[in-house]
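Only one structure is covered here, and it is reproduced in the block below.
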Amino acid sequence: MAKRERRTFSKEFKEQIKVLSQNTLLLNSSRRKPRVTNRP
């Protein structure tokens, strides 16, 4: 039981981390827009 709960929790935690990382990436990209626009 404990192992199963831990597994599901880790899965949800990974999903949350993924969303958070995506949000931070979006924030960073918006903050550094000039550098991104220089790309060909």
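Give me the pairs, please: first residue somewhere in the stretch 12-24 and loosely packed, with under 10 Cβ neighbours inside 10 Å, second residue anywhere and not in a helix (DSSP H, G or I), beta-carbon distance under 6 Å, and either six or more positions apart or on two chains.
Hits for this filter: zero, empty list.
For (1) touching a strand residue (DSSP E or B) at 6+ places or on another chain (Cβ under 8 Å); (2) among the aliphatic types (A, V, I, L, M); (3) at pLDDT 75 or above; (4) part of a helix (DSSP H, G or I), each residue gets a yes or a no:
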site	(1), (2), (3), (4)
7	no, no, yes, yes
10	no, no, yes, yes
15	no, no, yes, yes
20	no, yes, yes, yes
23	no, no, yes, yes
28	no, no, yes, yes
34	no, no, no, yes
40	no, no, no, no
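The values are calculated or read from the model by the stated rules, or taken from the named source; none is laboratory data. All values reported here derive from a predicted model rather than from experimental measurement. When we count neighbours, we look across all protein chains shown, and the Cβ atoms used for this are built from the backbone with ideal geometry, even at glycine.
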